[in-house]
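Participant: Structure in structure tokens, see below.
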Amino acid sequence: MAPRVEARQPPAFNHLNAAGSSPSAGISKVNGRKKANPPASRASSSGISTNVSAYPRTDPIHALNALLKLVTSLPGRIGGCQYKLTPAEQALSVHLVGILEPFVYQGARALGPGLVSGTSSTTLGHNLPAPPSISLIQQPTEILDAILFYVDQKKDLLNIGLACKRLSGVVFPRHFEYRVIRCKASTLPVWNHLIKHRSLARNVRKLEILDERVSGSTSTTRASGSSFMIPRGILETDTDLESTDDELTMHSKQERYLISALTRMTALNEFKWSCNHSPLSFLNLWSTLTARAGAGLQLVKVTDNMAFAPKLATSADGESESDETSDDDSADEQDGNQRRTDKRTSSTRKENNVVLPHLRSVTIQSTNHSYGAVKQPELGRISEMLHQCVNLKELDISYSPPRGNTGPSGPAPVVNGNAPGFNPRTKPVADEFLLYSRWIPTLTHLSLKNLRCMSSIAPSAFLADHSALEVLSLDIVIHHNTVAGTGPPHLPPGSLPRLREIRAPRDVINAILQCPCDTPRPLEVIKGFKLYNQGNNSRAAQFEADFLANIKQASSTIRRVELSGWHDMEEVRRLATCVPGVQHLDIGKRLGGPGGGAIVPSAIHTAKNAAAPATNHMEWAETLGTLLPDLVAFHGVKFFYEVSSGGGGGGVVNNTPARLSEHNSANSDSGVGGGGVPAQTSSVVFGNGQSGGHNANLSNMERSRMRKNDEIAGVLAWKCKKLRRVDHWEDGSGKVIVLLRERDGGHVHGEEGSVKGKGKERDGKVRWEIRRLKI
């Protein structure tokens, strides 16, 4: 008989083997003779293989993941099996702990010999090397501070700080609280603190300047209702920085302190500016930001109307001339601020020539507020800023017209679908910017919104040169010979070969799709176009046919389509026949015409103006199920009726989180397979614990709505085999309705919404839930 061989275990865990669970438990006696059982290859109840030979000692990560999965599966076991291991799982856990123990021990020795309670290298039965003479936590505070300076992420700092008390005393007061600072430009104590403590200012990685109108108390570091992130104790100190001064002196003082603090943030990675309602302009800080922190700056996001202000022209007498701003009350103040900005820019022109090689993402936006807005916006200042960014990967320029923008002769008419009061001629002209700006090897994401071009030469050349573009969002009006004439860019063959996602009007998308390319574009997402009702217009009908033909030619890779508007169901059918492989379809808001859902009356949802559900849900289900067999998510048409939690008909839905659970009664369950239309199963369970299916306070109308919703859910699940997500009955609530399918074993379908595995789908159950979308 071969000698008995047992798996070697660390001495520290020998007491576990004495309890009767050891790797040698697989040896049994047959007729008085010991016989080794073959290694167990079957998986345990938690889905983990209990074969110890499948976990080598040289792979601690695999062992750790298996041990975590085994431990986390214990609470989910049923009855007396909860928190209990089988003999095979007990042997496996001992084996996994034996794999992890040497690595944990070595990590403790690296931090410091004192953490191992003075044990020698041979106490635990391992021939480990002697500990270093000076460990990490025995280093001076200056050395630890210099090491932690290179850790940028707060989650990494948190893990280091929780290791021991010594590291915690360095990480949290000097690094963790300074990595991200978010406050207003008027928070002078913060800037004064960073000016005095240069070593702490260099630890800032992300700086966000909030708008002055942000509400919230400034007496604490994290006030409720505000998003301030300030190191502790700064605002609690007594200071006379915010003494009563006149308004102009106060803003000048804030600018000086902020610029002085920026000069000390030499390791800044991200900078976000949202201070629009203030005389301070981001343009005044740009030269300081690029000169001091430009070496490591990676992301810049600016929300400021003054970024679109025109550059001041110098007249013959040496005085500056500027356009009148849209806010007459503050025109003099803003004009003086613009003169000061241009004076600073001209005096530091050499300093602005600093190249920013690591800056990858730039976002420049305006707001719809009139403060700081001009009547003739331009891109001159933005072009000078972007000239320093030589390796841009993501660029987003978005102009929002101010509210109440009117022309010289009153409100501007509606042009090209724009709202009344907004004249497209007031959009910034982008010809010069697109003609001379190039980031050919690196630019992959481009978003241009509410801009205009005088011809198609500049945008066509820009798109043709940037062949690395993958995500394109284009909202540009290209003027032609006529006053109101617009058209798409003219692209040469081979343009945009790597395009994956596009958001643009229909004519721009059509121009890109009909542009020939050597290899098919990996186009997956199309957004932003409308389906128009041609009527008797033969020219529009021909353009619609060409557009759908181009989409059909590229439909092999398209998986997501989002429209901005539609008229009738026949248009949706024609589109669906061209993209049969779409998994996500959002048809947007209905523009009018017969069929389909109801028109959304307002962007702000209330219980009174909510759009009514579509009454032809069977027709929609047949259309989607037949033409789009792989559809997983469908938005734009409401199918479900509103159900309130108050018990009264027509009440407002409770704000507490709501979910829907299955009835226990047998008559509410039915299968989605088989021949006829299934009866549906679902009952409302609201956040207060009341069950809608058994609540006596529910009115007859509420009960009728619940039964109707059950019927609709069953029809959708029956016709659309993979459909999982549809619209909630509220507009803009961030909620969706999810359809869940189950089999006899109680297995809920995954995101695909279909049953996978052996066996025929039989007697499947359907239930619907309300969930919130993560944005």
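Participant: Which of (1) at pLDDT 55 or above; (2) exposed (fewer than 13 other Cβ atoms within 10 Å of the Cβ); (3) within 19 Å of SER564 (Cα to Cα) is the odd one out, the single condition LEU591 does not satisfy?
Facilitator: LEU591 satisfies all of (1) at pLDDT 55 or above; (2) exposed (fewer than 13 other Cβ atoms within 10 Å of the Cβ); (3) within 19 Å of SER564 (Cα to Cα) except (2).
Participant: Taking the range 57-81 as the search range and keeping residues that are under 32 Å from the mean Cα position of the chain (by Cα) and outside any helix (DSSP H, G or I), which one is surrounded by the most Cβ atoms within 10 Å (Cβ to Cβ)?
Facilitator: Checking each candidate, the answer is SER73.
Participant: Where residues in the range 713-744 are in a loop (DSSP other than H, G, I, E, B) and in contact with a helix residue (DSSP H, G or I) (Cβ under 6 Å, 6 or more places away or on another chain), which of them is farthest from ILE587 (Cα to Cα)?
Facilitator: If we take residues in the range 713-744 being in a loop (DSSP other than H, G, I, E, B) and in contact with a helix residue (DSSP H, G or I) (Cβ under 6 Å, 6 or more places away or on another chain), then CYS720 is farthest from ILE587 (Cα to Cα).
So that you can scan it fast, the table gives a plain yes or no per residue for (1) surrounded by fewer than 19 Cβ atoms within 10 Å (Cβ to Cβ); (2) out of contact with any Cys (no Cβ under 9 Å at 6 or more places or on another chain); (3) modelled with pLDDT of 90 or more; (4) closer than 28 Å to LYS530 by Cα:
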{"position": "GLU394", "(1), (2), (3), (4)": "yes, yes, yes, yes"}
{"position": "GLY404", "(1), (2), (3), (4)": "yes, yes, no, yes"}
{"position": "GLY417", "(1), (2), (3), (4)": "yes, yes, no, yes"}
{"position": "PRO424", "(1), (2), (3), (4)": "yes, yes, no, yes"}
{"position": "PRO428", "(1), (2), (3), (4)": "no, yes, yes, yes"}
{"position": "LEU434", "(1), (2), (3), (4)": "no, no, yes, yes"}
{"position": "SER437", "(1), (2), (3), (4)": "no, yes, yes, no"}
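Participant: Let me ask something additional. So which strands (runs of 3 or more DSSP E) stay within the range 492-591 end to end and still have 1 or more residues that are free of Cβ contacts under 8 Å to residues at least 40 places away in the same chain?
Facilitator: By residue number, 501-503, 525-530, 560-566.
Participant: Also, I was wondering about something else. Going through the range 437-466 one residue at a time, which ones are in contact with a Lys or Arg (Cβ under 7 Å, 6 or more places away or on another chain), under 18 Å from PRO516 (Cα atoms) and among the polar types (S, T, N, Q)?
Facilitator: None - no residue of the range 437-466 is in contact with a Lys or Arg (Cβ under 7 Å, 6 or more places away or on another chain), under 18 Å from PRO516 (Cα atoms) and among the polar types (S, T, N, Q), so the list stays empty.
Participant: Next question, about the same structure. Could you give every pair whose Cβ atoms fall below 6 Å, whose first residue belongs to the range 63-91 and is under 27 Å from PRO102 (Cα atoms), and whose second residue is loosely packed, with under 12 Cβ neighbours inside 10 Å and of a type outside the set (Val, Ile, Thr), counting only separations of at least 6 or pairs across chains?
Facilitator: Correct list of pairs: LEU74/TYR83.
Participant: Could I ask something else about it? Could you list, in sequence order, all residues of the range 286-313 that are assigned to a helix (DSSP H, G or I) and either surrounded by fewer than 20 Cβ atoms within 10 Å (Cβ to Cβ) or not hydrophobic (A, V, I, L, M, F, W, C) (or both)?
Facilitator: Within the range 286-313, SER287, THR288, THR290, ALA291, ARG292, ASN305 qualify.
Participant: For the range 439-452, which positions are under 24 Å from LYS527 (Cα atoms), at pLDDT below 95 and in contact with a Leu (Cβ under 7 Å, 6 or more places away or on another chain)?
Facilitator: THR442
Participant: Okay, moving on. Among the numbered criteria (1) in a helix (DSSP H, G or I); (2) modelled with pLDDT of 90 or more, which single criterion is violated by ARG264?
Facilitator: (1)
Participant: Report whether or not PRO520 is closer than 25 Å to SER447 by Cβ and modelled with pLDDT under 90.
Facilitator: Taking the combined requirement at face value, the residue does not satisfy it.
Residue by residue, here is whether (1) in contact with a strand residue (DSSP E or B) (Cβ under 6 Å, 6 or more places away or on another chain); (2) under 24 Å from LEU548 (Cβ atoms); (3) crowded, with 18+ Cβ neighbours inside 10 Å holds:
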| residue | (1), (2), (3) |
| --- | --- |
| MET454 | yes, no, no |
| ALA468 | no, no, no |
| SER473 | yes, yes, no |
| LEU491 | no, yes, yes |
| ALA504 | yes, yes, yes |
| LYS527 | yes, yes, no |
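The values are calculated or read from the model by the stated rules, or taken from the named source; none is laboratory data. Please read all numbers here as calculations on a predicted model, not as lab measurements. In this analysis, Cβ positions are derived from the backbone assuming ideal geometry, glycine residues included, and neighbour counts consider all displayed protein chains.
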